[in-house]
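Worksheet for the structure shown next.
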Amino acid sequence: MVIKKSADFIRIIIRRPHAYEFKRRFPGSPIPGVVILSVDGKLLDSLVLPSKNSISALLDRLSKNARKKKRL
Amino acid sequence: MRTAQVFLGVVVLAVVGLAQSPAERPKQKAEAVGSWIGIKTRYPTAEEARTLALPKGVRIQGQVINEVAKASPAANAGLKAGDIVLKLGENDLYSFDDISDFVATSRPGRTVKVCVRRGKPLKEEDVALTIGKRVFSDAESRTPSFTWDYASLAQLKAAMERAKTESRLVLVGIFGAET
């Protein structure tokens, strides 16, 4: 998966109990966590994440690591 | 019974005075523009859920309004303490976070349908509420590092459609309610 900055995603938050229905539709979704969907609704990747406050830092870190790997 | 504080959903940062050059621009404080509706809510009690016949699945649907701020969008829409808010737009409400998320992802000026249960005899009705605009002078302390575009499962379809139009991926944050 190509890691992008958080601003490159359409971002939606889904909380319990709606999250259980989301998980039913997308098996394997972590609760709590983050899921990346393609434009045609395929689950591309997921990550367990204890707090929504960690998302921005996580994506920025992953984005930097991806760019570093490209330069090597 | 838990009570949530009056919430202010911060949506957008707007820095004023950009038309002038840095040299001639007087020092101005950055401001943040946010959305708000002006209510405090709490979870319904088990007794309220029973007597009001609130929808119940994994959790009880609905938030009881504790307080409505004066001259707020909620007050202007006729919402009152004691009303039970079941839905905001197409979003079912199960926590104060659901309300906060919805407002934070709604632009000021947007008019939404609010499904409310109230009164004696009990009735359910739809009320039109226009999301209000609130300006915060301390922008730096209020600007979040990460903001959401949509909230709740009901808006997933809209999020997917926009992603298709703009050729972007969709990031879904799945969390519990914090209030």
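The values are calculated or read from the model by the stated rules, or taken from the named source; none is laboratory data. This is a predicted model, so every value here is computed, not measured. Neighbour counts run over all protein chains shown; Cβ positions are idealised from the backbone, glycine included.
Would you pick out the residues in segment B:80-91 that are touching a Gly at 6+ places or on another chain (Cβ under 9 Å) and either closer than 15 Å to B:ARG134 by Cβ or of a type in the set (Asp, Glu) (or both)? Selection gives B:ASP83 alone. Just checking, does segment B:131-144 include any residue being polar (S, T, N, Q), in a helix (DSSP H, G or I) and touching a Phe, Trp or Tyr at 6+ places or on another chain (Cβ under 9 Å)? Within segment B:131-144, not a single residue is polar (S, T, N, Q), in a helix (DSSP H, G or I) and touching a Phe, Trp or Tyr at 6+ places or on another chain (Cβ under 9 Å). The single condition among (1) without any contact (Cβ under 8 Å) to a residue 24 or more places away in the chain; (2) touching a helix residue (DSSP H, G or I) at 6+ places or on another chain (Cβ under 7 Å) that B:ASN91 does not meet is (1).
If you go through segment B:8-25 one residue at a time, do you hit one that is at pLDDT 95 or above, under 20 Å from B:SER152 (Cβ atoms) and assigned to a loop (DSSP other than H, G, I, E, B)? Within segment B:8-25, not a single residue is at pLDDT 95 or above, under 20 Å from B:SER152 (Cβ atoms) and assigned to a loop (DSSP other than H, G, I, E, B). Restricting segment B:151-179 to residues that are without any contact (Cβ under 8 Å) to a residue 12 or more places away in the chain, assigned to a loop (DSSP other than H, G, I, E, B) and in contact with a strand residue (DSSP E or B) (Cβ under 9 Å, 6 or more places away or on another chain), which is nearest to B:LEU86 (Cα to Cα)? Looking at residues that are without any contact (Cβ under 8 Å) to a residue 12 or more places away in the chain, assigned to a loop (DSSP other than H, G, I, E, B) and in contact with a strand residue (DSSP E or B) (Cβ under 9 Å, 6 or more places away or on another chain), I get B:GLY176.
If I filter segment B:152-166 for residues that are of a type in the set (Ser, Thr, Tyr), crowded, with 20+ Cβ neighbours inside 10 Å and within 12 Å of another protein chain (Cβ to nearest Cβ), do I get at least one hit?
Residues of segment B:152-166 of a type in the set (Ser, Thr, Tyr): B:152, B:165.
Still in the running and crowded, with 20+ Cβ neighbours inside 10 Å: B:152.
Then keep just the ones that are within 12 Å of another protein chain (Cβ to nearest Cβ); that gives B:152.
Yes; the residues of segment B:152-166 include at least one that is of a type in the set (Ser, Thr, Tyr), crowded, with 20+ Cβ neighbours inside 10 Å and within 12 Å of another protein chain (Cβ to nearest Cβ).
Counting only strands (runs of 3 or more DSSP E) that sit completely within segment B:40-127, zero hold 2 or more residues that are in contact with a Phe, Trp or Tyr (Cβ under 6 Å, 6 or more places away or on another chain) and under 21 Å from B:LEU153 (Cβ atoms).
Any residue at all in segment B:106-125 that's more than 9 Å from chain A (Cβ to nearest Cβ), surrounded by 21 or more Cβ atoms within 10 Å (Cβ to Cβ), more than 12 Å from the chain's Cα centre (by Cα) and aliphatic (A, V, I, L, M)? The answer is yes; a qualifying residue exists.
Name the one entry in A:ILE10, A:ILE31 that is part of a strand (DSSP E or B) and either facing chain B (nearest Cβ under 8 Å) or modelled with pLDDT of 85 or more (or both).
Numbers: A:ILE31 fails: part of a strand (DSSP E or B).
Within the list A:ILE10, A:ILE31, the selection yields A:ILE10.
Applying the set (1) at pLDDT below 95; (2) on the phi > 0 side of the Ramachandran plot to B:PRO121 leaves exactly one unmet item: (2). Of the residues making up segment A:13-28, those that are without any contact (Cβ under 8 Å) to a residue 24 or more places away in the chain and either more than 7 Å from every other protein chain (Cβ to nearest Cβ) or of a type in the set (A, V, I, L, M, F, W, C) (or both) number 9.
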